[in-house]
Amino acid sequence: MSPPLLIVENLTVSYPSAQTPALSDLTLNLQRGERLGLIGESGSGKSTLARAVAGLLPRGTSVAGRIEWPALNRPAEPGRDIGFVFQDAGASLDPVMRVGAQIAEVVRADRNLSWHEANKSALDLLAAVSLPDPATLARSYPHQLSGGQRQRVAIAAALAGEPALLLADEATSALDTIVQAEIAALLDRLVRERNMALIFITHDIALASNLVSRIAVLQDGRLVEEGVTHDVITRPSRPYTRELLAAHWELPAP
Ligand SMILES: Nc1ncnc2c1ncn2[C@@H]1O[C@H](COP(=O)(O)OP(=O)(O)OP(=O)(O)O)[C@@H](O)[C@H]1O
Ligand SMILES: [Mg+2]
């Protein structure tokens, strides 16, 4: 069997001045191309895990444990090996720069290409995220696009380095339900086509369950449940997971 893409072992993370660790003794593996959902209530440590994996924890944060990338044979480079899509990532696009140029800039930074090649690659990426008429769209400014289109542009930027792992942290939460489903379908297609691993962080268990093969449940910085999506959804072993599920699929009153 090929080595895992990512090994997280006994990871404990404490933010400066925090009383309790944001993550405690967390162990998790991810294979190449594997799709993992990370769920848990607000403050359970999901984004902290994402930041730790991406090497983006704030300075002064204490980190114990191991984060390794056996399949890469070297530490992962954020941006290149790991692509990020955050909540409302579309809103963080530069408002005064045309979207094509923004993506081309990321491509250049991640892949050392000439401007000519980077511009061409930016158009390919805009097409890959199913934006119609990429050539026209590339010349648009972010405010000329819808929220869903901007999020697609942000996803295109995340793909620029041809990452082995896509980290999506509440990537669809700011969008309405229909656009949410479209973006989820897009992520699903992209990770399969490009054989990327996916860590999909969400409050929305139903959305995650359509997208990921495995689910990990965080509570107060601890991994309390992990398993094949179908098993976790249909036979959760923890009351906490049952609560998360019940909160989502509100059962009709008897
Ligand atoms: N920069 C920070 N400095 C100090 N404490 C932080 C910082 N970021 C997060 N925390 C704390 O760490 C814990 C985990 O936060 P985290 O953002 O990882 O949760 P989360 O599961 O992503 O929540 P949400 O669903 O609301 O995004 C929380 O108690 C939070 O208050
Ligand atoms: Mg978060």
Return the pairs, sorted by first residue and then second, in which the second residue is assigned to a helix (DSSP H, G or I) and surrounded by fewer than 19 Cβ atoms within 10 Å (Cβ to Cβ), the first residue lies in region 42-68 and is at positive phi, the beta carbons are less than 6 Å apart, and the residues are 6+ apart or on different chains.
none
Turns out the helices (runs of 4 or more DSSP H) fully within region 167-254 with at least 3 residues that are more than 16 Å from ligand 2 (Cβ to nearest atom) are 177-193, 229-234, 239-248
Given the conditions (1) open to solvent by 10 Å² or more (accessible area, probe 1.4 Å); (2) of a type in the set (S, T, N, Q); (3) under 30 Å from Ser44 (Cβ atoms), every one holds for Gln151 apart from (1)
Note on region 80-100: residues open to solvent by 20 Å² or more (accessible area, probe 1.4 Å), away from ligand 1 (no atom under 16 Å from the Cβ) and within 21 Å of Asn195 (Cβ to Cβ) are Arg80
Kindly establish whether Leu126 is part of a loop (DSSP other than H, G, I, E, B) and either closer than 29 Å to Arg238 by Cβ or of a type outside the set (Ser, Thr, Tyr) (or both).
no
Does Ala54 satisfy being open to solvent by 10 Å² or more (accessible area, probe 1.4 Å), within 16 Å of ligand 2 (Cβ to nearest atom) and of a type in the set (A, V, I, L, M)?
no
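Let's see how each residue does on (1) within 16 Å of ligand 2 (Cβ to nearest atom); (2) within 21 Å of Ala208 (Cα to Cα):
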| residue | (1), (2) |
| --- | --- |
| Val13 | yes, no |
| Pro16 | no, no |
| Ser24 | no, no |
| Gln31 | no, yes |
| Gly37 | yes, yes |
Given the options Thr20, Thr48, name the one that is among the polar types (S, T, N, Q), crowded, with 19+ Cβ neighbours inside 10 Å and within 16 Å of ligand 1 (Cβ to nearest atom).
Thr48
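Can you tell me which residue is surrounded by the most Cβ atoms within 10 Å (Cβ to Cβ) among those in region 30-45 that are within 16 Å of ligand 1 (Cβ to nearest atom) and assigned to a loop (DSSP other than H, G, I, E, B)? Show your work before the answer.
Quick first cut of region 30-45, residues within 16 Å of ligand 1 (Cβ to nearest atom) only: 36-45.
Remaining after also requiring assigned to a loop (DSSP other than H, G, I, E, B): 40-45.
On the way: Gly40: 25, Glu41: 15, Ser42: 7, Gly43: 13, Ser44: 23, Gly45: 23.
Among them, the one singled out is Gly40.
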In a strand (DSSP E or B) and either under 30 Å from Pro21 (Cβ atoms) or within 21 Å of the chain's Cα centre (by Cα) (or both) - does that describe any residue in region 86-104?
yes
When you scan region 193-208, do you find a residue that is closer than 23 Å to Arg111 by Cβ, more than 12 Å from the chain's Cα centre (by Cα) and polar (S, T, N, Q), even just one?
yes
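In the list Ala164, Ala174, Ala206, which residue meets the criterion of being under 20 Å from Gly79 (Cα atoms), open to solvent by 10 Å² or more (accessible area, probe 1.4 Å) and aliphatic (A, V, I, L, M)? Please lay out each step first, then the result.
Working: Ala174 fails: under 20 Å from Gly79 (Cα atoms); Ala206 fails: under 20 Å from Gly79 (Cα atoms).
Only one candidate passes the filter, namely Ala164.
The values are calculated or read from the model by the stated rules, or taken from the named source; none is laboratory data. These numbers come from a predicted model, not from an experiment. Backbone-built Cβ (ideal geometry, glycine too); neighbour counts: all protein chains shown. Calculation scope for accessible area: heavy atoms of the full protein, side chains included, ligands and nucleic acids excluded. Shrake-Rupley method; radii C 1.70, N 1.55, O 1.52, S 1.80 Å.
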